[in-house]
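Read the structure below first, then the notes.
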Amino acid sequence: MRTTAFTLVLILSACTGSPVETTDPLSTTTTSADTFSSTTITTSAAGSTSTTSTTTIPATVVPTASYQRLPSPDENLAYTIGHVAIGDAGLVLAGDVSITPRDHPNEGALWHFDGTAWTRTLISDFTTTDEYGEPPFVSELVFWGGRYLAFLMGDPTAPESAASVLASIDGRTWQLEHLLPQRTAGGSPGGIFTTPESPPWPGAAGIAGVSTTADEILAVGWVTTSEGSTAALWHSPDGRDWTLTTVPNAVWPNEWANAISVGDSGWLLGGSGPIYGTTLLWFSADGDDWTYIGDRFGEGAWWSFHELASGSNGLAVAALDLNTVTTSMWRSDDGMIWAPTAEPPWPEESAVSLASDGSTMARVRRLEHTTIVETSPDGLAWEGVAALTADTGNQDIIVESLGLDYWDDSLTLTRFTTPEDYASAYVDVWIDAPTAGVVLVPADDTLNVRHGVMATVIDELEPTATNVRLTGASDGTAGTLWLEILHNGILGWVNSLYLTEEVDDFAALEPTAIIERFTDGVLRQGEPLGSCVGAKGLTITHFDPPKQFTLDDDPMSDQTIYSWGSPGCGPDPDCAFQATFAHQIADSFLSAWDDEDRTIAIDTPIAGGNGTLPEALVPALFRNFHYVAVHDPGDDPAYDGLDWITWYVYFDVVDGVPVVAGMSVDMWAP
């Protein structure tokens, strides 16, 4: 798991009165604020569908711009993709590639994407071919425990009843290991990733699938006895020491497990028997004692239970009826009693996939050329997350698979598509990660996106850009925190001083309580800015260019006479206010805040008579900050209401906590 995931500011004080360590100040004179990033990714914009498409997107789903098309892993070679893993070092794919002139891919390979280019690793570099000249290939690929693990099938160098695994920390440098040491007598040469249609000798074991939880890596498959094979589950805390649990046969002399889901509501184990299409399902409350439940889905149907999910308030199964060739959703509260949901069955080609992070279930299904992503806490009520529209220009697509998984608390969708001639194949990736908006960049400037921290500029963000997706990677080695972003297909790095976290319900964060502590602590008692202000410092606009106060400054005791613009002529020194921060900013704001007739609004401007136009009330550099408007309607009858004033207090949100970041003012203008 990433220890830096989704952190926007390195050091935070939630207005407690304790000082905050200073980072590099924000320079208001900098042109093109800084970032880091790299990529030649081209994008597939959501909503760009064929004119012949008749897909209907459910009303609960809105298209998302975070659907990204990555460049081809191998531009000049035929290849197919079968597995994906996203971890600390980025995206890793597994599949087959043709490195000799053939009309189809024939050799196992791994690809790592660094944001710009792919690095290919051939499986043959670590092992050899079998007696028939066939090379091993990757059967499963996961990221767990800080490593990418590529499980191999058909490795003749594997010890008996051991799995050959290529392990890597960075996705580029791999080492061959052998997991699952012998647990019973005998063994199966060539690795244990096999399927026991014909039961091998007693003691042989096989793995048909690999999954992970927060605490364990799980392998499911089979072990054999003198009478046949039975479903088996191995679990390990470190990927090296394993515990074996066998599951009693339910229907057939030879059975094996091939899918598993673990969550708050229990364990689901899917499996198969020797006859094509026969699929099995078990439930366990603890992962040790298993009950067969595959016969609890109605009479007369022939079910396939390969898509399983366990959440916080129930369990769900996408069950394919092989008689009618339709898929329906079934759910259960306790794992023992199951019933179909009210949703009508879908045709088989809807390609349903399920996933769970242990509490929230996720579902992806294909409707013609559109992929629908949904989440649910219970398997009953599904909320649309995204509608991702594929490129429909190529009508010769013959391979399309969907993968759905949770990684580091983010929902990740991958789609692999390969045309008939294996040319122009592509990989679509969608990651549900936190988003940010650009802040503190002047309206006539842009925010640099760089290939690395303080490296080459590769893109620019508009000063009010929103929905900038955060990958979770960060780097603080340059003195300020830099964040990796993904925006409009460009993967790069940005100085975190110019980004603010986007939140849906700002009012729930109680920003007025933060203002109360800010006024009492900083403005009245002269406490350090760091007691309520974040690493971005405090930026003030007063009808003039912004003034920046860093966490090292003490504006309340500062006796400097500043020139503050006026509503009539802006920064013109002939009519600007000449005053200290304490007089022009603190006293004025406190007068409005303490007024018994004040009006407060959250994220809504309050316009006064003959003041700033409504569309300009919030300056561009504050546009993506959440804010609180404090309006004093005026108290002196002699001015007939013309002495009104409205202050705006802007907040940076850091890991869900608001801190003061800026202030601006509006008042009557002559």
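The values are calculated or read from the model by the stated rules, or taken from the named source; none is laboratory data. Bear in mind that the values here come from a model prediction, so they are computed numbers and not experimental data. Reconstructed Cβ throughout: ideal geometry from the backbone, glycine too, with neighbour counts over all protein chains shown. When the accessible area is computed, the model is the full protein with side chains, heavy atoms only, and any ligands, DNA or RNA have been set aside. Shrake-Rupley method; radii C 1.70, N 1.55, O 1.52, S 1.80 Å.
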Exercise for review: Calculate how large, on average over all directions, the projected area of the Cα convex hull of the stretch 235-301 is; give the answer in nm² to one decimal.
Suggested key: 5.6 nm²
**Study point:** Nitroxide proxy distance, nm - points 7 Å out along Cα→Cβ at ASN106 and GLU462
**Key:** 5.2 nm
Check your understanding: Just how large is the dipole of the stretch 622-670 about the Cα centre, in debye to the nearest 20, putting +1 at every Lys and Arg Cβ and -1 at every Asp and Glu Cβ?
Key -> 280 debye
Practice item. Calculate, for GLU343 and ASP603, the FRET efficiency according to 1/(1 + (r/R0)^6) with r their C-beta to C-beta distance and R0 35 Å; round to the nearest 0.05. Key: 0.45
Point to revise | For HIS542, residues with placed amide H under 5 Å, excluding near neighbours | key: GLY565
Revision key, fill the gap. Share (percent) of C-alpha pair distances in the stretch 237-348 greater than 25 Å works out to 20 percent
**Study point:** Area of THR324 that stays accessible when all protein chains are in place (1.4 Å probe, Å², to 10)
**Key:** 80 Å²
**Study point:** Cα-Cα P(r), the stretch 452-502, percent of pairs per 5 Å interval
**Key:** 4, 20, 35, 28, 11, 2
Check your understanding: Using modelled backbone amide H atoms (1.01 Å from N, in-plane), which distant-in-sequence or interchain residues come within less than 5 Å of LEU91's amide H?
Key -> PHE113
Practice item. Identify the residues of the stretch 593-620 with backbone N under 13 Å of a label point that sits 7 angstrom from the Cα of ALA443 along the Cα-to-Cβ direction, or state none. Key: 612-620
Exercise for review: Kindly write out, for the stretch 631-648 in residue order, the coupling ³J(HN,Hα) from the Karplus curve 6.51 cos²θ - 1.76 cosθ + 1.60 (θ = phi - 60°), rounded to whole Hz, with x marking Gly and Pro.
Suggested key: 10, 9, x, x, 10, 8, x, 5, 9, 6, x, 7, 8, 5, 8, 10, 9, 10
Revision key, fill the gap. Taking placed amide H atoms and a strict 5 Å upper bound, the residues 5 or more places from ASN106 or on another chain that come that close are VAL97, SER98, ILE99
**Study point:** Extension reserve of the THR243-SER72 stretch, reckoned as 0.36 nm per residue once the Cα distance is removed
**Key:** 57.6 nm
Point to revise | Under 10 Å, Cβ to Cβ, from VAL654 - net charge with Lys/Arg +1 and Asp/Glu -1 | key: -2
Check your understanding: When the Debye formula is applied to the Cα atoms of the stretch 453-572, each taken as the same point scatterer, what base-10 log of I(q)/I(0) results at q = 0.16, 0.18 Å⁻¹?
Key -> -1.06, -1.17
**Study point:** Estimated FRET transfer efficiency when R0 is 30 angstrom, pair GLU299-GLU227 (beta carbons, to 0.05)
**Key:** 0.55
